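Student: Provided herewith is a single structure, encoded as structure tokens, for subsequent inquiry.
Read-outs throughout are calculated quantities, based only on the coordinates presented, and are distinct from any laboratory measurement. Values in this document were obtained by computation on a predicted structure and should not be read as measured data. Because the Cβ atoms are built from the backbone with ideal geometry, glycine has one as well, and the counts that use them run over all protein chains shown.
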There are 2 protein chains.
Amino acid sequence: MVTLEDVARHAGVSLATASRVLNGSSRQVGRAMRERVEKAAAELGYRTNVAAQTLARGASDVIGLVVHDLVDPYFAAIADGAMRAADARGHMVMVGTTHRDPEREIAYVSTLHAQRVRAVLIAGSRVTDAAVTDRLRAELGRYQETGGRVACVGQDLLGVATVAPANREGAADLARALAALGHTRFAVLAGPPHLVTAVDRRTGFAEALADLGLPEPQIVYGSFDRGGGYTAVQEVADATCVFAVNDVMAVGALAALRERGVRVPDDVSVAGFDDIATLRDLTPALSTVRLPLADMGARAVELALSGDHGDPPVVAGVEGRIVLRDSVRRLR
Amino acid sequence: MVTLEDVARHAGVSLATASRVLNGSSRQVGRAMRERVEKAAAELGYRTNVAAQTLARGASDVIGLVVHDLVDPYFAAIADGAMRAADARGHMVMVGTTHRDPEREIAYVSTLHAQRVRAVLIAGSRVTDAAVTDRLRAELGRYQETGGRVACVGQDLLGVATVAPANREGAADLARALAALGHTRFAVLAGPPHLVTAVDRRTGFAEALADLGLPEPQIVYGSFDRGGGYTAVQEVADATCVFAVNDVMAVGALAALRERGVRVPDDVSVAGFDDIATLRDLTPALSTVRLPLADMGARAVELALSGDHGDPPVVAGVEGRIVLRDSVRRLR
DNA sequence: CTGTTAGCGCCTTCAC
DNA sequence: GTGAAGGCGCTAACAG
């Protein structure tokens, strides 16, 4: 294993000089020496030992990212945006997937802290369980005390910089748009009651309907994935329009409806939330609320890395945009 | 920042003892001391400094993963499998995305080498450019010389342990299955001519047709993504069956056909390759060749981590399974 | 501009 | 079973 010292010796310069040319210091090095060092490094096949560098510098240039599930296109898109932004700033990204286990979220923060990553990004819905949230906050707090930066994509419940999609408002806008098409009897495939994202979207939707003087929607709980939509939609009684709180669930609902011979949008309209790119080729095309997922990931990187340590955490709201496509139909 | 030394002092033991308790050594430590150390660590909020540990041990427990694009469900699935396997072995995963730039692939290997990751996983098609491949091989070679482990998901062209999907054979099987339905005039949306995966699938398909005495398929090149399928299918002349060399391209093709009012499978049959889970709810359901993507990722982790340094690289073949769904139709 | 020299935090022989 | 001490590879003052 070739070390900096080997390179220095091979080039006939001091360790410090070799360090300065190979691992960007602010100091200048004379052209002649610089070239000798670079030549020696190339000849020897030198590779910086980042662990040693991190130890000496007291800071690494790795960013940690915690997501629920990379196979879920929602998180894949956020991760992609975050990784592009990280890359642009010269950072590598270390990823942990929790598969929706809040305990693992906490454990990952601890692990990433141990890795002394420069920043930790937490993406995904918070849970309504205050005790779990508090423990995550505490873990993040310990990390921040030692200089760690944190940003979250989701609800502003952690006391850290947050990219917060307007779930309530987006769902409310969607409700109004659907009502404007003449729908009055709605059902909501609401996902699990302990996921804040699901709850926000469900209540935003329901409140908007109430404001319009429309009847309460039928609420069907279930899991937050395709299967949840698939199962839940089968309990819908007589709605003319079904709102699934995310696109993946809507896809499950569409599949179940198709199997039962229910036509969309002729027999029932369906809408989702997120506007997942991979799902844009479904038939009928899914109406939804578009969230700029990749931007949100990139934004989180910026928030985490910018600002000074003492600053109060920034909360960046993100608006969803209603996209009406073929899966919904005008009733009157 | 709390260090091991702080913990040792707080517990009234030596640094060595604290180290043995907190960071699993093979040595035993008396029960009383162990408990004192653990208590002190908890009280102080100690977190191992992995950088220091890596430096001292000369080995990290991070695995590097290089993929083309996390938003592409193909890679998301492989990454998911790899991360689960890594996790089960106590490793974190550092991810780099190349967005199909072979130069970045090489650069990432270098970066991961600098990070002294325990193993590097490279997922994704090789390119036909031998010069680029040689440089990647060289970079991997340098890494391996210093004890790094490597595994690849794709073609066995790097001289490292490889999980190699049977692209040729899968495509050939598919061709035979489609021919058995009575199709004789085929078109292949072939992707780019420099991607080995695309080439293998195209040639496997064409060769099987030739063996059956059927006419040569029309070959249309393009990009390896949705847009590539969308564009390429518009140049298809008079085939009764279109084979897109991956599912995402097939989705693009379906979209273009739908827009032009061409019915699938009534007017033309369409098949893809990979069997991407997220795409299983398309209508018509896509016929394809199923690859166990998550398993492949997990397998790569195993291959990389197992075996001894001198061993010749293992090549693990992976078979695809034909899945015929509604997007193809029997002609006779 | 270049070299010398303490550490950075932890692991691991080696004695006790 | 426990402690003392050298060293892992690099950085960043500090001198020159």
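Student: Summing Lys, Arg as +1 and Asp, Glu as -1, what charge do residues with Cβ under 12 Å from the Cβ of A:HIS309 carry, A:HIS309 excluded?
Tutor: On the way: positive: A:ARG149; negative: A:GLU145, A:ASP308, A:ASP311.
Local net charge: -2.
Student: Using helices alone, what [θ] at 222 nm do you get for the protein assembly as shown, with -39,500 (n - 2.57) per DSSP H run of 4 or more residues, divided over all residues and rounded to the nearest 500?
Tutor: Values: 24 runs with 292 residues, N = 664.
Calculated from helices alone, the mean residue ellipticity at 222 nm is -13500 deg cm²/dmol.
Student: Decide, for the range A:96-196, between rounded, prolate and oblate: order the square roots of the alpha carbon gyration tensor eigenvalues as a ≥ b ≥ c, take rounded if a/c falls under 1.5, and otherwise choose prolate if a/b is larger than b/c, else oblate. Walk me through the numbers on the way to the answer.
Tutor: Numbers: a/c = 3.29, a/b = 2.43, b/c = 1.35.
Prolate.
Student: If you average over every viewing direction, what projected area does the convex hull of the Cα atoms of the range B:16-101 give, in nm²?
Tutor: On the way: hull surface 31.1 nm².
In nm², the orientation-averaged hull projection of the range B:16-101 is 7.8.
Student: Using a simple spin-label model with points 7 Å from Cα along the Cα→Cβ vector, what separation in nm is obtained for B:ASP134 and B:GLU216?
Tutor: 3.1 nm
Student: From largest to smallest, what semi-axes in whole angstrom does chain A give when each is the square root of 5 times an eigenvalue of its alpha carbon gyration tensor? The partial results should precede the final answer.
Tutor: Working: eigenvalues 499, 79, 51 Å².
After diagonalising the Cα gyration tensor, the semi-axes are 50, 20, 16 Å.
Student: Any idea what angle helix B:293-305 forms with the longest principal axis of chain B, computed on alpha-carbon atoms, 0 to 90 degrees, nearest 10?
Tutor: Once rounded, the angle reads 40 degrees.
Student: Given label points at 7 Å from Cα along Cα→Cβ, what nm distances, shortest first, separate A:ARG176 from the same residue in every other copy?
Tutor: Distances to the matching label points in the other copies: 6.1 nm.
Student: Obtain the nm distance between the two label points defined at B:LEU15 and A:ALA42 by a simple spin-label model: each point lies 7 Å from its Cα along the Cα-to-C-beta direction.
Tutor: Here the modelled spin labels are 4.0 nm apart.
Student: Let me ask something else about it. On C-alpha positions alone, give me the angle between the axis of helix A:102-114 and the longest principal axis of chain A, in degrees, nearest 10.
Tutor: Tilt of helix A:102-114: around 10 degrees.
Student: Next question. I need the shape label for the range A:234-332. Rule: rounded when a/c is under 1.5, else prolate if a/b > b/c, else oblate, with a, b, c from the alpha carbon gyration tensor. Numbers along the way, then the final one.
Tutor: Details: a/c = 3.08, a/b = 2.93, b/c = 1.05.
Prolate, since a/c reaches 1.5 and a/b exceeds b/c.
Student: Quick one: which residues, 5+ away or cross-chain, put their amide H under 5 Å from the amide H of B:TYR221? H built at 1.01 Å from N.
Tutor: Amide H neighbours of B:TYR221: B:ALA190.
Student: Could you work out which residue, out of A:ALA210, A:ALA16, A:ALA294, moves most in a Gaussian network model of chain A, that is, has the largest mean-square fluctuation with Cα springs under 10 Å?
Tutor: For chain A, modelled as a Gaussian network with Cα springs under 10 Å, the answer is A:ALA16.
Student: Now, a different point. Which three lengths, in whole Å and largest first, does the range A:142-226 cover when its Cα atoms are put on their principal axes?
Tutor: If we take the Cα atoms of the range A:142-226, the spans are 55, 23, 19 Å.
Student: Could you tell me the largest-minus-smallest coordinate of the C-alpha atoms of the range B:116-268 on each of the three principal axes, in descending order and whole angstroms?
Tutor: The principal-axis extents, from largest down, are 58, 33, 23 Å.
Student: Counting Lys +1, Arg +1, Asp -1, Glu -1, what net charge surrounds A:ALA255 among other residues with beta carbon under 12 Å of its beta carbon?
Tutor: On the way: positive: A:ARG226, A:ARG258, A:ARG260, B:ARG280; negative: A:GLU259, B:ASP281.
Neighbourhood net charge equals +2.
Student: Explain nothing, just the number: relative contact order of chain A, from Cα pairs under 8 Å at least 6 residues apart, as a whole percent.
Tutor: Working: 670 pairs, mean separation 55.5, N = 332.
Answer for chain A is 17 percent.
Student: Specify the inter-centroid distance of the range A:48-79 and the range B:2-52, based on alpha-carbon positions, in whole Å.
Tutor: Result: 27 Å between the Cα centres.
Student: A:ARG84 label points, 7 Å along Cα→Cβ, one per copy: pairwise distances from this copy to the rest in nm, shortest first?
Tutor: 2.9
Student: Give the whole-number value, in cubic angstrom per residue, of the convex hull volume spanned by the C-alpha atoms of the range B:33-183. Walk me through the intermediate numbers first.
Tutor: On the way: hull volume 24.2 nm³, N = 151.
Dividing the Cα hull volume of the range B:33-183 by its residues yields 160 Å³.
Student: Kindly give the distances from B:ARG263 to its copy-mates, label point to label point, with each label point 7 Å from Cα along Cα→Cβ, as nm values to one decimal ordered shortest first.
Tutor: Nearest to farthest, the other copies are at 1.4 nm.
Student: Could you list the square roots of 5 times each eigenvalue of the Cα gyration tensor of the range A:217-284, that is, the equivalent ellipsoid semi-axes, sorted largest first and rounded to whole Å?
Tutor: Values: eigenvalues 53, 40, 23 Å².
So the equivalent ellipsoid measures 16, 14, 11 Å along its semi-axes.
Student: Can you give the extra length, in nm with one decimal, that the chain gains between B:ALA237 and B:ALA180 once fully stretched, where that is 0.36 nm per residue apart less the Cα-Cα distance?
Tutor: 18.4 nm
Student: Figure the gain on full extension for A:SER110 and A:ASP266 (residue separation times 0.36 nm, minus the Cα-Cα span) and round it to one decimal in nm. All intermediate terms of the calculation are to be shown ahead of the outcome.
Tutor: Values: separation 156, 0.36 × 156 = 56.16 nm, distance 5.12 nm.
Stretched fully, the A:SER110-A:ASP266 segment lengthens by 51.0 nm.
Student: Please report the spacing between the Cα centers of the range A:250-319 and the range B:254-332 in Å, no decimals.
Tutor: 25 Å
Student: Within 10 Å of each Cβ of B:42-55, how many other protein chain Cβ atoms are there on average? All intermediate terms of the calculation are to be shown ahead of the outcome.
Tutor: Details: counts 0, 0, 0, 8, 2, 11, 6, 8, 11, 16, 5, 4, 7, 8.
Going residue by residue through B:42-55 and averaging, the value is 6.
Student: Under the Kirkwood approximation for Rh and a Cα-based Rg, what ratio Rg/Rh is obtained for the protein assembly as shown? Don't skip to the end; give the middle numbers.
Tutor: Details: Rg = 27.3 Å, Rh = 27.0 Å.
My calculation puts Rg/Rh at 1.01.
Student: I want to check the label-to-label distance for A:GLU259 and A:LEU331. Put each point 7 Å from Cα in the C-beta direction and report it in nm to one decimal.
Tutor: 2.7 nm
Student: Let me ask another. Give the long-range amide H neighbours of A:VAL120: residues separated by 5 or more places, or on another chain, with amide H under 5 Å away, using H modelled in the peptide plane at 1.01 Å from N.
Tutor: A:GLY64, A:ARG149, A:VAL150, A:ALA151
Student: Going by the alpha-carbon gyration tensor, a ≥ b ≥ c the square roots of its eigenvalues, is the range A:22-70 rounded (a/c under 1.5) or, if a/c is not under 1.5, prolate (a/b greater than b/c) versus oblate? Numbers along the way, then the final one.
Tutor: Numbers: a/c = 3.18, a/b = 2.22, b/c = 1.43.
Judged from the Cα gyration tensor, the range A:22-70 comes out prolate (a/c at least 1.5, a/b above b/c).
Student: Now a separate question. Can you give the local net charge around B:PRO165? Use residues other than it whose beta-carbon is closer than 14 angstrom to its beta-carbon, Lys and Arg +1, Asp and Glu -1. Before the final figure, lay out the partial values.
Tutor: Details: positive: B:ARG126, B:ARG168, B:ARG201, B:ARG290, B:ARG299, B:ARG321; negative: B:ASP156, B:GLU169, B:ASP173, B:ASP200, B:ASP247, B:ASP274, B:ASP275, B:ASP295, B:GLU319.
Value of the local net charge: -3.
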